[in-house]
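Below: one structure, written as structure tokens.
The values are calculated or read from the model by the stated rules, or taken from the named source; none is laboratory data. Since we're looking at a predicted model, the values are computed, not measured. Backbone-built Cβ (ideal geometry, glycine too); neighbour counts: all protein chains shown.
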Amino acid sequence: MVDFRVGFGYDSHRFAPDRPLVIGGIAIPYELGLAAHSDGDVLIHAVCDALLGAAGLKDIGTWFPDTDSTWKNADSTVLLTKVMELMTSRGWQVNNLDCTLVLEKPKMKPYIDDMVTKLSELLQTNPENIAVKAKTNEKMGFTGAGEGIAAVAAVTLRKQ
Ligand code: MG
């Protein structure tokens, strides 16, 4: 008997000067970063929400509120590690993750493989079970105008 769950996550952050640009746990050299209470890692946040949603554990804001100074400028991979502790303590294993970044600039292609490697380590699964994609929004909306970055993530969990 295998229990199986699907989770979905979404996040967005606004570009800001004098901020780091960290996506999928990878530091990306760029003139702008993302405004946030934490390091603003929009992809990791979407992945956290997908995992928490799949396990019926509410959302990232519930576990890491932005009113808590503990998480000020926090490395989001630490948040994801804590989310994975919640998963494993309940017997959930990641089956696969599929996610998409939406942004005009900078180009993500040089960093995608590193993101997949990082996420596979954090999610304790093989890189073949992880997909990270990036696309523009054809100049439409806030992502198209270059105001920020959006990320969506779908995850499946299994419990033996
Ligand atoms: Mg966020």
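Considering the stretch 14-31, the residues that are out of contact with any Lys or Arg (no Cβ under 9 Å at 6 or more places or on another chain) and not aliphatic (A, V, I, L, M) include one that is surrounded by the most Cβ atoms within 10 Å (Cβ to Cβ), namely Phe15. Residue check: Met140 meets all listed conditions (1) out of contact with any strand residue (DSSP E or B) (no Cβ under 9 Å at 6 or more places or on another chain); (2) aliphatic (A, V, I, L, M); (3) closer than 20 Å to Lys82 by Cβ but one, namely (3).
A quick yes/no check of all residues on (1) in contact with a strand residue (DSSP E or B) (Cβ under 8 Å, 6 or more places away or on another chain); (2) within 21 Å of Ala151 (Cα to Cα):
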position: Asp66; (1), (2): no, yes
position: Thr70; (1), (2): no, no
position: Thr81; (1), (2): no, yes
position: Met87; (1), (2): yes, no
position: Asn96; (1), (2): yes, yes
position: Leu101; (1), (2): yes, yes
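Scan the stretch 53-79 for residues that are modelled with pLDDT of 95 or more, within 13 Å of the ligand (Cβ to nearest atom) and either under 13 Å from Leu97 (Cβ atoms) or of a type in the set (A, V, I, L, M) (or both) and the total you get is 2.
Consider the stretch 57-70 and keep the residues that are over 16 Å from the mean Cα position of the chain (by Cα) and touching a residue at least 24 places away in the same chain (Cβ under 8 Å). The one that is farthest from Phe8 (Cα to Cα) is Asp66.
Among the residues of the stretch 8-40, those that are aliphatic (A, V, I, L, M) and either in contact (Cβ under 8 Å) with a residue 12 or more places away in the chain or within 13 Å of the ligand (Cβ to nearest atom) (or both) comprise Ala16, Leu21, Val22, Ile23, Ile26, Ile28, Leu32, Leu34, Ala35, Ala36.
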